[in-house]
Amino acid sequence: MIDRRDFLARALTAVGAVVVATGVPAAARAATLQHQFAVTGPFTRSTVAEIARALSKKPYEAPDTSLPPILENLTYDQYRDIRFRPETAIWADKGLPYQMQLFHRGSYFKEPVEIALVENGQATHVPYDPNLFNYGPLVPQPIPSEDIGFSGFRLHSPLNKPDVFDEVLVFQGASYFRSLGKDEVYGLSARGLALKTADPEGEEFPLFRAFWVETPTAGSDTCVVNALLDSPSVSGAYRFTIRPGLPTTIDVEAQLFPRADLSKVGLAPGTSMFFFSANGRTDIDDFRPEVHDSDGLLMVTGRGDRWWRPLANPKELQISAFQDRSPRGFGLIQRDRNFDSYQDLEAAYQKRPSLWIEPVGDWGAGAVTLVEIPTNSEIHDNIVAYWAPQDKIPAGTEFFFAYRLFWGGDPALGSGAAYVTATRSGRAGVGGPTPVRLFVIDYGFFEGVDPAKLGAAKASVQASKGTVKNIVVVNNSETGGVRLSFELDPQNETLIELTATLAFDGGQTAETWAFRWTA
């Protein structure tokens, strides 16, 4: 079985970045097969919501995932040998700021995705045509000619150089999508919605069933994608407004129509990978110092307080919920941008984007929720973070929410003078069955902060169990920041919640450090 993360990471690099020629071939435009959703006809901003609303009033019908036998059982290498022809990219001959390429269906991506182009209030269905693709020698023949749909698409835009069209956004698989900022490489993903994540009964994965991509305007850097989401519990209408850069921003407007009460729902979910870092190298035999797409969960509460939670690869699945009201932002962050921390020339983890979410409007009471799943390999996405509303979303209602995604670096949102730059831990000595642990936390100062005016720093460390001792704060002459160290004696406990705060004589504070230690 091919892991989703490993497959996407390779498949998304299978085609070159530059596309230069014509639009959809005439043979494709002539196809006449009927489709359910992204059909040719009038289109307005309410079209997708009307479809989703109507779907929600009917029992869920799963998409027909059957494929011609020749595509049903493709191997990994065979599927990779199907490549979109760059010269057939949509809008490639229009002089527009975006071009679009399509993904073939096959054994690893069986769910059909319908796609339509929108221009001047009119949607035009884009049918599958084998002439859109090159089929390498590994691909069995003959290739079907009927309209089997696509498995997704990607957008290209001059992200890094004005004369080169680079990938900026990919939709493929369930409700997953990913983007990146200038001079970055793909890393973590976002999802349209999370349902029953880590639930013993099993997770429900909504699908983006259809997309309506609005033709971009010449001279603008914006592209708009409309999407229809569907699953046994809910249907939904999404609108994504994309602007490439550093960071690349995506405005998301979503309207949900639940078929069932949504009591285990995650809004604005992000999915990432954390294998190990300097804070957790137990049983790791690897030449690389750290391996992760994200190294921490950052939160800015409704009151403006910044919290930093280093990620972990636990022995057992663990879920952390940080209660809040009207959060200002949260996200999975790749804070360490130093190649020396990774030493991986191929993966380039130092260039993986962070994903920061800023809610639009009042999201009320709930919790930023972090799910950490054990993994023994870097090919697995084992980290999920999302906003869990306190109240369920009742069946038969309509629920609207909006937010902005930032694909780039560490956001500056929030208050305080300093932020955590690194967390390290190791054995400090003996102390019963579980040895005493030493934690070392380094802080850096936000831009514009003058350390000389802050005064001396004092730390407070709290532990839910066990004993904390030997708290020391020193200036870090190597980095120009501050280092906090302390020892934790677990005293036979197996799970301890830790928090550390750093305050300066002048009244300024650092972001709060929080961590769950497990034996």
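By its C-alpha gyration tensor, with a ≥ b ≥ c as the square roots of the eigenvalues, how is segment 241-304 shaped: rounded for a/c under 1.5, else prolate for a/b larger than b/c, else oblate? Note, shape of segment 241-304 comes out prolate. A full extension of the chain between Ala412 and Asp81 corresponds to an added length of 114.9 nm, given 0.36 nm per residue minus the alpha carbon distance. Cα centroids of segment 45-69 and segment 275-350: 37 Å apart. If both residues of a DSSP beta bridge must be in the chain, then about 95% of such bridges are antiparallel. Note on the chain: helix-only mean residue ellipticity at 222 nm, from DSSP H runs of 4+ residues weighted -39500 (n - 2.57) and normalised by residue number, equals -1500 deg cm²/dmol.
Normalised by the number of residues in segment 410-466, the mean separation of alpha-carbon contacts (under 8 Å, six or more apart) gives a relative contact order of 30 percent. Normalised Debye scattering of segment 89-200 at q = 0.13, 0.14, 0.16 Å⁻¹ gives log10 I(q)/I(0) of -0.64, -0.74, -0.94, counting only Cα atoms as equal scatterers and leaving out solvent. Contact order, relative form, for segment 154-301: 19 percent (alpha carbon pairs under 8 Å, 6 or more residues apart, mean separation divided by residue count). Model label sites at Thr479 and Gln323, defined 7 Å from Cα along the beta-carbon direction, differ in position by 3.2 nm.
For segment 260-377, the square roots of the Cα gyration tensor eigenvalues, ordered a ≥ b ≥ c, give a/c of at least 1.5 with a/b greater than b/c, which places it in the prolate category.
Is segment 115-175 best put as rounded, prolate or oblate by its Cα gyration tensor, with a ≥ b ≥ c the root eigenvalues, rounded for a/c under 1.5, and otherwise prolate when a/b is larger than b/c, oblate when not? Oblate is the answer for segment 115-175, as a/c is 1.5 or above yet b/c matches or exceeds a/b. Candidates Gln101, Val474, Phe275 compared by Cα position along the dipole of the chain: farthest toward the positive end lies Val474, with charges placed on Cβ. Taking all Cα pairs closer than 8 Å and separated by 6 or more residues, the relative contact order of the chain comes to 12 percent. Just checking my list (1) 0.95; (2) 1.42; (3) 1.03 against Cα Rg over 2.2 N^0.38 Å computed from this structure; which label fits? Matching entry in (1) 0.95; (2) 1.42; (3) 1.03: (3). Between Leu246 and Gln491, the FRET efficiency estimated from the beta carbon spacing at R0 = 51 angstrom works out to 0.60. To the nearest ten degrees, helix 47-56 and the longest principal axis of the Cα atoms of the chain are 80 degrees apart. Taking 7 Å steps out from each Cα toward its Cβ at Gln141 and Val164 produces label points 3.5 nm apart.
Determine which residues of segment 256-275 fall in the zone a paramagnetic label at Gln343 would reach in this model, i.e. backbone nitrogen under 18 Å from the point 7 Å along Cα→Cβ. From segment 256-275, the list is 275. For segment 246-284, the residues whose backbone nitrogen is under 19 Å from a point 7 Å from the Cα of Ser46, taken along Cα to Cβ, are 253-258. Once you reduce segment 164-240 and segment 376-428 to the center of their Cα atoms, the two points are 17 Å from each other. Restricting to segment 283-438, what percent of DSSP beta bridges are antiparallel, rounded to 5? Expressed as a percentage, antiparallel bridges in segment 283-438 total about 95.
Bear in mind that the values in this text are calculations on the coordinates, not laboratory data. These numbers come from a predicted model, not from an experiment. Cβ sites come from the backbone with ideal geometry, for glycine too, and all protein chains shown count toward neighbours.
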